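The values are calculated or read from the model by the stated rules, or taken from the named source; none is laboratory data. Nothing here was measured: the structure is a model prediction, and the numbers come from that model. Because the Cβ atoms are built from the backbone with ideal geometry, glycine has one as well, and the counts that use them run over all protein chains shown.
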Amino acid sequence: MSAEGAPARRFDPMSGNWTMIALDVIWVVVVNVTAYDLAAWAFPDATMLAFALLSAVLMFTVVALPLRYFLIDQRKVASRREKVIQVESRRREFESRLGRALDMTDEIGSALDVSMRAVRVADPESHTEVLLADSSRSHLTRVAHTAGHLAEATCDVATPGGCPAVKSGSILRFADSTEFDACPYLRDRGGETLGAACVPISVMGNSVGVLHTVRVGVHRFGDSDVNLLSTVAQQLGSRIGMLRAMSQSQLQANTDPLTGLLNRRSLENEVRILVQDAQPFAVILADLDHFKLLNDTHGHDVGDRALRVFSKVLKRSVRDGDLVSRYGGEEFLLVMPNVDKHGASMVFDRVRLELEATFGDGRVPGFTVSAGIADTEEASAFDELVNVADSRLLAAKKAGRNRSVVSVD
């Protein structure tokens, strides 16, 4: 209502507001006094009867009718308030259920699946997709969508900076994709007219994606629709942030910070599983030759660089299922399931050749590596197997380095 219309509304006889009720009461008192005087003058023999009739008419017309409208208006207000409470109650219930479901997910894919199922339940008429930025934040990729997703519902935006919702960090609504101010990525999707709502997804305060929802035909997304989508986007973003933080924390706990390889504790945990499953494996205990001399001559930075170079060579030279760890200092331990010591020796020869090929750029002085190799045919316990490999490593050092030893005569 405009400001100019407020005073008129306040003194509207049919408005039923408290200002008008007070004026009505004053008016009744004044009119009743006047009516009594008129009745006494016009009907001296029946003053009280005439006064009663006039008062009844006045009370009904001046008070009862506005009061009736007042009560009707109050019922409407109460009904609207009840609807708002019901909508808010349903929203809170949906938010609570979604939160419980997301709390049970332990990976981002599961969290995305829960979010899409929640959208389908709450709004089966919509077609929804989630676009997330990659680790470089230079590309947007569709990572989830609702079942029965229409081709027309797929957004072609390729970068976070190209998405108006992600770029602005605010919710955008488009009632008609044919309008001149509609999102450019919403137009020309198979000829269908679409309505859309785009809600940014934030992780740790940064917009990293968008929850994109469309409906076929001209459709205005109301506040309740946007509140629903905002709830999904907010909780999904929070869960993704939590899972990423947990994953990073777990990665830091399981890996060596310098090389990115498994640390000793993580390797031993993985090997324990192999032993429990009675799976045969070979171990390669490798050590950089003359590493102390390398550190003393060129400095610790060059020594650290040498460790990282050798780590990359190891990861490139082994299978996906092999376990590679920095076992301590300049020692590295490889565990190769379903490989005997002779097969492991061939792998290590390939590692040495690959290492020689990396020194062409001159960033790291050339160095060699020695290794002792054993397999589960030679020891039943992992510690014993490592001790066998260690004795053979010492034998490789004594034999001139830059070699592997699989047996000691």
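Taking the stretch 195-207, which residues are crowded, with 21+ Cβ neighbours inside 10 Å and either more than 21 Å from L140 (Cβ to Cβ) or among the β-branched types (V, I, T) (or both)?
Correct list: G195, V199, I201.
Which count do you get for residues in the stretch 393-407 that are in contact (Cβ under 8 Å) with a residue 24 or more places away in the chain and assigned to a helix (DSSP H, G or I)?
3
Can you tell me which residues in the stretch 184-194 are surrounded by 20 or more Cβ atoms within 10 Å (Cβ to Cβ) and within 30 Å of G241 (Cβ to Cβ)?
Scanning the stretch 184-194 gives a single hit, L186.
For the stretch 228-270, enumerate the residues that are over 23 Å from L211 (Cα atoms) and basic (K, R). I'd like the intermediate steps shown before the answer.
Going through the stretch 228-270, the residues over 23 Å from L211 (Cα atoms) turn out to be 246-270.
Those that are over 23 Å from L211 (Cα atoms) and basic (K, R): R264, R265.
Residue-wise test of (1) assigned to a loop (DSSP other than H, G, I, E, B); (2) hydroxyl-bearing (S, T, Y); (3) under 23 Å from V87 (Cβ atoms); (4) in contact with a strand residue (DSSP E or B) (Cβ under 8 Å, 6 or more places away or on another chain).
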position: D176; (1), (2), (3), (4): yes, no, no, yes
position: A182; (1), (2), (3), (4): yes, no, no, yes
position: L186; (1), (2), (3), (4): yes, no, no, yes
position: G195; (1), (2), (3), (4): no, no, yes, yes
position: P200; (1), (2), (3), (4): no, no, no, yes
position: V218; (1), (2), (3), (4): yes, no, no, yes
position: F221; (1), (2), (3), (4): yes, no, yes, yes
position: T231; (1), (2), (3), (4): no, yes, yes, no
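Using beta carbons and a limit of 6 Å, which pairs, at least six apart or on different chains, have the first residue in the stretch 157-173 and without any contact (Cβ under 8 Å) to a residue 24 or more places away in the chain and the second one of a type in the set (D, E, K, R)?
The qualifying pairs are G161/K167.
What are the residue pairs meeting all of these: first residue in the stretch 340-356, first residue without any contact (Cβ under 8 Å) to a residue 24 or more places away in the chain, second residue outside any helix (DSSP H, G or I) and not aliphatic (A, V, I, L, M), Cβ atoms under 8 Å, and 6 or more apart or on different chains?
Correct list of pairs: E356/G366.
Just the residues that are surrounded by 17 or more Cβ atoms within 10 Å (Cβ to Cβ) and either part of a helix (DSSP H, G or I) or among the aromatic types (F, W, Y) (or both), please, taken from the stretch 243-281.
Listed by number, the residues that qualify are L243, S266, L267, E268, V271, L274, F281.
Of T213, T141, which residue is among the polar types (S, T, N, Q) and in contact with a Ser or Thr (Cβ under 8 Å, 6 or more places away or on another chain)?
T213
Considering only the stretch 374-385, I want to know if a residue exists there that is assigned to a strand (DSSP E or B) and touching a residue at least 24 places away in the same chain (Cβ under 8 Å).
Checked the stretch 374-385: at least one residue is assigned to a strand (DSSP E or B) and touching a residue at least 24 places away in the same chain (Cβ under 8 Å).
Given the criterion among the acidic types (D, E), surrounded by fewer than 21 Cβ atoms within 10 Å (Cβ to Cβ) and either at pLDDT 95 or above or closer than 26 Å to R265 by Cα (or both), identify the matching residue among E330, E354, E378.
Just a single option satisfies the conditions, and that option is E378.
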